[in-house]
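The values are calculated or read from the model by the stated rules, or taken from the named source; none is laboratory data. Nothing here was measured: the structure is a model prediction, and the numbers come from that model. Neighbour counts are summed over all protein chains in view; Cβ atoms, including those assigned to glycine, are modelled from backbone coordinates with ideal geometry.
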Amino acid sequence: MEMRKAYAEVMSELMTEDRHVVILDADLAKASGTRNLYESFPNQMFDCGVAEQNMASIAAGLASYGFKPYIESFTPFATRRICDQVAISIAYAKNNVKIVGTDPGISAELNGATHMSMEDIGVMRSIPGMVIFEPVDEVQLRAALPVINDYNGVVYIRLFRKERPQVFEESYKFDLFKADLLKEGKDLSIFVSGLQTAEVLEAAKNELLAEGIDAEVINIHTIKPIDRETVTASARKTGAVLTVENHNVIGGLHSAVLEALEAEKIPALAVGIQDRFGEVGKLPYLTKALGLTKENVIETAKKAVSLK
Amino acid sequence: MNTDLKEVCKDIRCGILTAIGHLGVGHIGGCLSIVEYLAVLYFDEMNIDPENPRMQGRDRFVCSKGHAGPAVYATLAERGYFPKEDLLTLNQGGTHLPSHCDMNLTTGIDMTAGSLGQGISCAVGAALGSKIENDGATVYAIVGDGESQEGQVWEAAMFAASKKLDNLIVATDYNKLQIDGTVEEVNGIAPLDKKWEAFGWNVINVENGNDVYQVKAAVDKAKSNRGSGKPTMIILNTKKGCGVKWIEDLGTGNHNTNVTEEQAAAAIAEIRGN
């Protein structure tokens with residue numbers, strides 16, 4: 001199932017359970033997968049039109065009135081465009097608003113550079129108190145949303161909209177503040193979020209093992225606050241680190257991991273977007289053009305191990 | 001509670017001067033210009049309870065021009081939300097009375113504001129929340145005229161009319177001055193009434209927004225618009241720095257200016273008519 005469909009299904013359940021859960025859109029309800037919920041929840045779904053900053057502050061006003069608003073837009077418009085409204089109306093004012101950004105990084109595909117957020121995690125990460133969550137697959141998303149809904153604080157959900165290969169088993173138990181160990185290993189710690197997780201896991205189980213590298217793979221679904229304990233323990237054990245992310249290597253997962261390892265002397269390399277804007281294309285093209293390929297993961301992993 | 005609104009206005013003005021004079025500097029002009037509106041709301045119109053500041057279904061007020069915090073604090077203190085002595089802590093480290101309104105620091109403040117343009121959207125959100133809850137509350141707000149240069153103000157205006165939020169009453173502090181010059185010199189907003197009308201709002205022009213009875217009549221009229229399906233804009237033609245001659249005379253210079261304790265004391269005497 002598409003991630004947005006799973007998202008809409010869970011939101012429908014949450015809105016049924018609690019009439020104070022409301023969703024606000026900025027003319028992208030169809031894209032977010034929630035347009036069909038408008039009929040069933042006329043007092044819980046509001047389209048603000050193409051006015052994201054107004055949407056963010058209205059959500060803050062609703063939260064001050066005891067509601068639990070979710071605001072939806074594409075990642076760049078849910079973050080960099082409304083950074084000040086998120087910072088002041090929502091985060092500083094401690095208004096319990098959830099921010100759902102769809103089409104992170106290169107997944108904006110044919111919408112191209114203007115709609116591609118290479119910096120959204122960096123923008124949001126530097127806002128005090130912000131929690132940042134990026135799901136890997138439908139199982140993790142379904143497990144996470146009720147937990148996030150119960151969390152009293154601002155959470156940014158970085159949501160891939162289309163189908164994702166399943167990584168987690170149905171029995172998966174989600175902890176918002178605990179990273180998930182996907183594969184144990186002793187030679188290298190790979191920390192990965194979102195888009196490339198399945199592929200990185202596959203590389204670790206096959207190609208890297210064949211190269212003699214037994215890599216540990218850990219999914220950092222919550223980039224802020226990062227699970228420092230898990231990151232540090234794994235890095236100390238393996239002695240080398242690789243981060244893989246669909247985001248600028250500045251300000252995102254790589255930065256968060258380096259900050260967690262600030263007191264360690266452990267080599268850490270990055271596969272991510274090298275401080276550049278996006279462009280139009282389909283995922284396979286963009287993955288290659290922006291250096292996010294499995295081949296690059298394997299090569300960089302080998303380099304990281306050689307630095308030990 | 002004092003019900004003589006003219007006396008209440010004097011008390012609030014003296015509270016503002018005491019707070020800013022003790023500190024030595026502040027947004028005095030835009031505080032003094034909105035005193036009558038605050039007096040009418042907090043001492044006459046709003047369904048509030050200082051003993052129960054978070055009362056369910058209470059009316060709310062959002063000071064979107066958040067830098068007028070000291071005016072709201074003077075009003076809240078006068079109304080009994082906290083001791084008047086607290087006004088002397090304005091902007092001191094660790095105070096619960098910061099320059100700009102903060103809902104998490106100050107008892108009685110309904111919304112954090114300071115980054116201009118956002119407060120009115122928050123008020124729209126609260127008005128929408130009240131409609132959903134059907135609790136009969138009225139949400140009040142005030143925006144600055146300079147603030148009305150923010151695009152977000154007009155996004156909020158459009159949405160409030162579209163959603164028929166007739167429980168929302170917003171005023172504009174139309175004192176026609178901002179930091180860099182007159183509003184019309186810097187980036188003109190006239191004709192303000194026609195703009196709000198075009199956005200689908202009821203508009204009430206108050207010739208003298210510093211005449212407390214004119215302001216009261218306007219708020220009464222705005223409340224009677226409930227059922228019209230339209231939010232209401234009250235345009236308060238005010239004087240920045242109103243009530244203290246030398247501050248009024250500073251013109252654009254009175255937005256954020258030095259006020260000594262001696263000047264404050266003299267101004268208080270002027271207001272009290274001594």
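B:Asn254 passes every criterion in (1) modelled with pLDDT of 95 or more; (2) under 30 Å from B:Trp201 (Cβ atoms) apart from (1). Within segment A:85-113, the set of residues being more than 22 Å from A:Leu253 (Cα to Cα) and either within 10 Å of chain B (Cβ to nearest Cβ) or touching a helix residue (DSSP H, G or I) at 6+ places or on another chain (Cβ under 9 Å) (or both) comprises A:Gln85, A:Ile88, A:Ser89, A:Ile90, A:Tyr92, A:Ala93, A:Lys94, A:Asn95, A:Asn96, A:Val97.
The strands (runs of 3 or more DSSP E) located wholly in segment B:140-252 that include 2 or more residues which are in contact with a Phe, Trp or Tyr (Cβ under 7 Å, 6 or more places away or on another chain) occupy B:168-174, B:232-237.
One line per residue, one yes/no per condition, for (1) within 8 Å of chain A (Cβ to nearest Cβ); (2) free of Cβ contacts under 8 Å to residues at least 24 places away in the same chain:
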| residue | (1), (2) |
| --- | --- |
| B:Ala127 | yes, no |
| B:Asn134 | no, yes |
| B:Trp154 | no, no |
| B:Asp173 | no, no |
| B:Gln178 | no, no |
| B:Val186 | no, no |
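List the number of the failed condition for B:Gly69; all other conditions in (1) small (Gly, Ala, Ser); (2) surrounded by fewer than 24 Cβ atoms within 10 Å (Cβ to Cβ); (3) away from chain A (no Cβ under 11 Å) hold. Condition (2) is where B:Gly69 drops out.
Return yes or no: is B:Tyr42 of a type in the set (Ser, Thr, Tyr) and touching a Lys or Arg at 6+ places or on another chain (Cβ under 8 Å)? Considered against the rule, which asks whether it is of a type in the set (Ser, Thr, Tyr) and touching a Lys or Arg at 6+ places or on another chain (Cβ under 8 Å), B:Tyr42 comes out as yes. Of all the residues in segment A:34-62, those that are more than 9 Å from every other protein chain (Cβ to nearest Cβ), out of contact with any Phe, Trp or Tyr (no Cβ under 6 Å at 6 or more places or on another chain) and not β-branched (Val, Ile, Thr) number 9. Quick one: A:Val241 ticks every box in (1) crowded, with 16+ Cβ neighbours inside 10 Å; (2) out of contact with any strand residue (DSSP E or B) (no Cβ under 7 Å at 6 or more places or on another chain); (3) in contact (Cβ under 8 Å) with a residue 24 or more places away in the chain bar one, so which box is it? The one condition A:Val241 does not meet is (2).
If you take the residues in segment A:14-33 that are in a loop (DSSP other than H, G, I, E, B) and within 23 Å of A:Asp150 (Cβ to Cβ), which one is farthest from the other protein chains (Cβ to nearest Cβ)? The residue in question is A:Gly33. Restricting attention to segment A:207-253, the residues being part of a helix (DSSP H, G or I) and among the polar types (S, T, N, Q) number 4. Identify the residue in segment A:152-169 that is outside any loop (DSSP other than H, G, I, E, B) and out of contact with any Pro (no Cβ under 9 Å at 6 or more places or on another chain) and, among all such residues, is surrounded by the fewest Cβ atoms within 10 Å (Cβ to Cβ). Of everything passing the filter in segment A:152-169, A:Val155 is surrounded by the fewest Cβ atoms within 10 Å (Cβ to Cβ). It is to be established whether one or more residues within segment B:92-104 are facing chain A (nearest Cβ under 9 Å) and within 21 Å of B:Leu23 (Cβ to Cβ). The answer is yes; a qualifying residue exists.
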